[in-house]
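Before any comments, here is the structure.
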Amino acid sequence: MTSPPHQSLEVNDLPEWAVEELRELAEIEPQLYPTRNFVSRYKYSGIPVRRNLGDLYASCLEQLSDFAPDLIILVPGGDDLGVLHHVQAGISEGKRVLVISTENAESPWRTRIQPTVQFLELGRLCSQLSENQRLSVLLRLVLQQKTLVIHIINSRLGWEMVRRYGKSLLAVEKRVYASVFADGFNESGGRSGFAIDYLVDCWPFLQAVICDSAWYRKDLIAQYGCQQEKVFTAYFPTTVEDAPVFSSPSSPRALWAGRFAIEKRLDLLIEIARLSPELPFDVYGYAVDDYGRAMEERMLELPNVTVHGAYDSLKYIVAKNVYSLLVYTSRSDGLPNLLLEATAAGLPVVASAVGGVPDFIGEETGYPVWAVNEPHAYVKRIQEALTDSEERRRRWDAAVDLLQSRHKAEVFRLRVKDVPGYFTEYLSDPEVGSVSEPK
Amino acid sequence: MQFPMIEAKIPVISAIATFHGEGLLAHKTMLGLERVRREAEAKGISVELVAVLDCADRQTKRVVMSSPILRANDQVLEVSNRDLGASRNSGVCVARGSYIGVFDGDDYYTKNWLIQALAIVESKQGDVIVHPEYVINFGTFHTFTDLWDMDDRRDYSLANCLALHPWVSCSFGRKDLYLQHPYQRTDFIKTGFGYEDWHWNLELVSQGIRHVTAKKTALFYRRKSVSMLTGMEAAGVVIRPSEFFNHPVKWEKPSEGTPQLAEQVEIDDKTYIEELLKGKAWLESQWIALQSALIEKEAYLTDVLSTKDWLESQLRDLLARQKRLQSALPVRILKKIGMITDD
């Protein structure tokens, strides 16, 4: 085989020696012959520089120092009481706990966790990175740690990690657990939530799912056909340590507390207040969006509603001893801590019977409203509560009994301990890792 | 064990090329490898080809086994690893050369590659793995890029290696480095882990081995619209956990000729046992490789027997290593890793 005469090459980034090699290799593969057109296609790209991910990963590891966690809890950041309960349960079991917040948000409760717990604000450290890049850093951290137990509580990045890299996590024997509490609603009125977004895809890689109500456990099983043995209810404990004291004077006055957000149904509260002009309502909370601000303005127009703004502790509000009951109007929820707090603070509760609320507020323990969208139904139950103080007391007593028997840290810890492999030795589950290969 | 006395013909370099489903492309690859081999031989450097057929399809197997470039002393190894890294390890286990060159079954290389790579290994202080200076992509896209020479570009940080791989699978180095640091399986369909070369290169860095390049050499990398690499990229594959990522504090200021990480890594009991188990697994794999080599077909056996001296020296090394391991270990650990039993 003879080569054609050497062609002069004007447009050429390739080194001359490489072009000569191509010319010789064309004896084997003619397409490699370095014609002007062929060579002109070549563009040089140097070694890329993308050290920021590595540097941030190094910063994270430096913060962890020699800490070798037994349990990693992934949280979004922000105010999430459930995380504290799981951290406490881990500590009580003698585990070293690492909490990683994955969003760029303040975590005000971090000051409430024990100094023995490591807290890594990955979301804040990596705020300049894209989601994929943050995921790379998080995944590498999790893979490199010898920790086997990973628990996701409301961390979208954590869920993404499991969805995309669940196989790899399983391959290095990580045991992944997730807490889910309730479906919510998006702005268009459709249902939304982590379970909706991730449960189907992530199910093969999850050891177990933990809910804070029996209702949501049942709901998940009904919605997704999850095997019952993999879905657990662990009721969150109340954080109130003092013995509850009934604090519901006969002079009628209702309390409402919460964020001014669409799912909290302030529109319902406004209608209830309109229908009960003789009943004063004190509203604590703050607007988190335009809806909340609009509702706040409407409430200010009502003569029997007083808006107080944000609050630190329900206990101190109730301690004024002026409220007869708490009115709760949310559209969806797991088992809201507000109801536990209100009961512990001494208040009977009238609540929309949504989500996990009836797990705690039933006909024996409070005044559930079953027609959750009907203002009249709330008014009726409020009147029922206000007109019979003995019955109100009896139901509150029953709620306290339930609170003290079921919503205790010790009970919660034991329930979490029942979750296979979370604190104890793992027994393999045939459904974990059973993912079909793509055809 | 007695072997017939046959004059040994031990190559300097073993060129390990892995094949799976390259089909007719394998023929061209073999021709490309022969071109590299002849250039080396012209400089007095003998090269054996170790073609590893990993569950190869019929056509690829036929093309490789009937290749006109195969010589009597070359080796064709059929394995069922279904894993690129494991197949390279298989090739390393039977390689007779003192140096290893790792090649892929569908790429080309500049003809000076082995000559230059060998010169670099012999000129450098400390342990090094050599890569080509350039990767020149052809096929579905046409770009070229240089690879990172850790001795030349001290300003480039190892911190980059979390997000990207600044080297390639094409590598060259002393055989003992490949034996001491075998590739780890990826099983990427099952585990989601991939990029065995990225992982291997980083593991070596963590052991104080530097990656350098041989100037004026290149890998001509065939880019396909569908390949194992594109499959991994589409699947968002990641590399396995690596010792490299456990000590980022040591990523800066690599020093020429000085092990950067290995000496500083604390070895606790668990790591020590893991290392011993690796050593045991290596001994076993060597033994299996030797045994399988001995029961190959007659022509192949003749070829293997011609390396009598080498085989014996390997066996002596193995026995000596085993003795060293045994004498260095408490009985408790020996029992634990199965090197001795209660009997």
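The values are calculated or read from the model by the stated rules, or taken from the named source; none is laboratory data. Fair warning: this is a prediction, and the values are worked out from it, not measured in the lab. Positions of Cβ are backbone-derived with ideal geometry, glycine not excepted, and every protein chain shown enters the neighbour counts.
Data table
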{"item": "Some residue of the stretch B:197-219 being surrounded by fewer than 20 Cβ atoms within 10 Å (Cβ to Cβ), of a type outside the set (F, W, Y) and under 30 Å from A:N37 (Cα atoms)", "result": "yes"}
{"item": "Test: residue in the stretch A:312-331 that is touching a helix residue (DSSP H, G or I) at 6+ places or on another chain (Cβ under 6 Å), in a helix (DSSP H, G or I) and modelled with pLDDT of 95 or more", "result": "no"}
{"item": "Criterion (more than 25 Å from A:N52 (Cβ to Cβ) and surrounded by fewer than 21 Cβ atoms within 10 Å (Cβ to Cβ)) met by exactly one of A:Q128, A:Q133, A:Q144, A:Q88", "result": "A:Q88"}
{"item": "Count of the stretch B:63-103 residues which are under 16 Å from B:R35 (Cβ atoms) and surrounded by fewer than 24 Cβ atoms within 10 Å (Cβ to Cβ)", "result": "6"}
{"item": "Top-ranked residue of the stretch B:144-174 - restricted to ones that are assigned to a strand (DSSP E or B), in contact (Cβ under 8 Å) with a residue 24 or more places away in the chain and within 7 Å of another protein chain (Cβ to nearest Cβ), ranked as farthest from A:G46 (Cα to Cα)", "result": "B:F144"}
{"item": "Test: A:T233 is closer than 30 Å to A:L402 by Cβ, at pLDDT below 95 and polar (S, T, N, Q)", "result": "no"}
{"item": "Test: residue in the stretch B:6-26 that is more than 21 Å from B:V168 (Cα to Cα) and without any contact (Cβ under 8 Å) to a residue 24 or more places away in the chain", "result": "no"}
{"item": "Meets criteria (closer than 24 Å to A:E410 by Cβ, touching a Pro at 6+ places or on another chain (Cβ under 9 Å) and not in a strand (DSSP E or B)) for A:K95", "result": "yes"}
{"item": "Residue that is nearest to A:L25 (Cα to Cα), among those in the stretch B:33-62 that are crowded, with 16+ Cβ neighbours inside 10 Å and within 14 Å of chain A (Cβ to nearest Cβ)", "result": "B:R35"}
{"item": "Those residues of the stretch B:122-143 which are within 13 Å of another protein chain (Cβ to nearest Cβ), in contact (Cβ under 8 Å) with a residue 40 or more places away in the chain and either aromatic (F, W, Y) or not in a strand (DSSP E or B) (or both), in sequence order", "result": "B:Y134, B:F138, B:T140, B:F141"}
{"item": "From the options B:V205, B:V212, residue that is modelled with pLDDT of 90 or more, away from chain A (no Cβ under 13 Å) and either under 19 Å from the mean Cα position of the chain (by Cα) or not in a loop (DSSP other than H, G, I, E, B) (or both)", "result": "B:V212"}
{"item": "Yes/no for A:L335 being in a loop (DSSP other than H, G, I, E, B) and either surrounded by 21 or more Cβ atoms within 10 Å (Cβ to Cβ) or basic (K, R) (or both)", "result": "yes"}
{"item": "All positions within the stretch A:98-135 that are assigned to a loop (DSSP other than H, G, I, E, B), free of Cβ contacts under 8 Å to residues at least 40 places away in the same chain and more than 14 Å from chain B (Cβ to nearest Cβ)", "result": "A:N104, A:A105, A:E106, A:S107, A:I113, A:Q114, A:P115, A:T116, A:V117, A:S127"}
{"item": "Residue match in the stretch A:295-302 (condition: within 18 Å of A:S352 (Cα to Cα), among the acidic types (D, E) and more than 25 Å from the chain's Cα centre (by Cα))", "result": "no"}
{"item": "Any hit, the stretch B:132-149, residues being in contact with a strand residue (DSSP E or B) (Cβ under 8 Å, 6 or more places away or on another chain), closer than 23 Å to B:V12 by Cα and not aromatic (F, W, Y)", "result": "yes"}
{"item": "Selection status of A:S330, within 26 Å of the chain's Cα centre (by Cα), among the small types (G, A, S) and in the same structural domain as A:E391 (by TED's automatic domain parsing)", "result": "yes"}
{"item": "Leading residue by the ranking (surrounded by the most Cβ atoms within 10 Å (Cβ to Cβ)) among those in the stretch A:274-291 that are within 24 Å of A:L340 (Cα to Cα) and without any contact (Cβ under 8 Å) to a residue 40 or more places away in the chain", "result": "A:V283"}
{"item": "Subset of the stretch A:186-204 (residues that are within 14 Å of another protein chain (Cβ to nearest Cβ) and either in contact with a Pro (Cβ under 9 Å, 6 or more places away or on another chain) or more than 24 Å from A:Y235 (Cα to Cα) (or both))", "result": "A:D201, A:P204"}
{"item": "Residues of the stretch A:39-64 that turn out to be surrounded by fewer than 19 Cβ atoms within 10 Å (Cβ to Cβ) and either without any contact (Cβ under 8 Å) to a residue 12 or more places away in the chain or among the aliphatic types (A, V, I, L, M) (or both), as a count", "result": "10"}
{"item": "Residues (within 7 Å of chain B (Cβ to nearest Cβ) and small (G, A, S)) located in the stretch A:34-62", "result": "A:S45, A:G46, A:G54, A:A58"}
{"item": "Filtered residues of the stretch B:175-195 (kept if within 14 Å of chain A (Cβ to nearest Cβ) and part of a helix (DSSP H, G or I))", "result": "B:F188, B:I189, B:K190, B:T191"}
{"item": "Which listed residue is within 23 Å of A:L148 (Cβ to Cβ) and within 13 Å of the chain's Cα centre (by Cα), from A:G82, A:G94, A:G90, A:G77", "result": "A:G82"}
{"item": "Pairs where the first residue, in the stretch A:66-88, is in contact (Cβ under 8 Å) with a residue 40 or more places away in the chain and assigned to a loop (DSSP other than H, G, I, E, B) and the second is crowded, with 24+ Cβ neighbours inside 10 Å and of a type in the set (G, A, S), C-beta under 8 Å, 6+ apart", "result": "A:D70/A:G90; A:P76/A:S101; A:P76/A:S155; A:G77/A:S101"}
{"item": "The stretch A:136-185 - residue that is among the polar types (S, T, N, Q) and in a loop (DSSP other than H, G, I, E, B) and, of those, nearest to the other protein chains (Cβ to nearest Cβ)", "result": "A:Q145"}
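Yes/no per residue for (1) surrounded by fewer than 21 Cβ atoms within 10 Å (Cβ to Cβ); (2) within 27 Å of A:R265 (Cβ to Cβ); (3) over 21 Å from the mean Cα position of the chain (by Cα); (4) not assigned by TED's automatic domain parsing to the domain that holds A:I73:
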position: A:E187; (1), (2), (3), (4): yes, yes, no, no
position: A:S192; (1), (2), (3), (4): yes, yes, no, no
position: A:D201; (1), (2), (3), (4): yes, no, no, no
position: A:C211; (1), (2), (3), (4): no, yes, no, no
position: A:D219; (1), (2), (3), (4): yes, yes, no, no
position: A:T239; (1), (2), (3), (4): yes, yes, no, yes
position: A:D242; (1), (2), (3), (4): yes, no, yes, yes
position: A:V245; (1), (2), (3), (4): yes, no, yes, yes
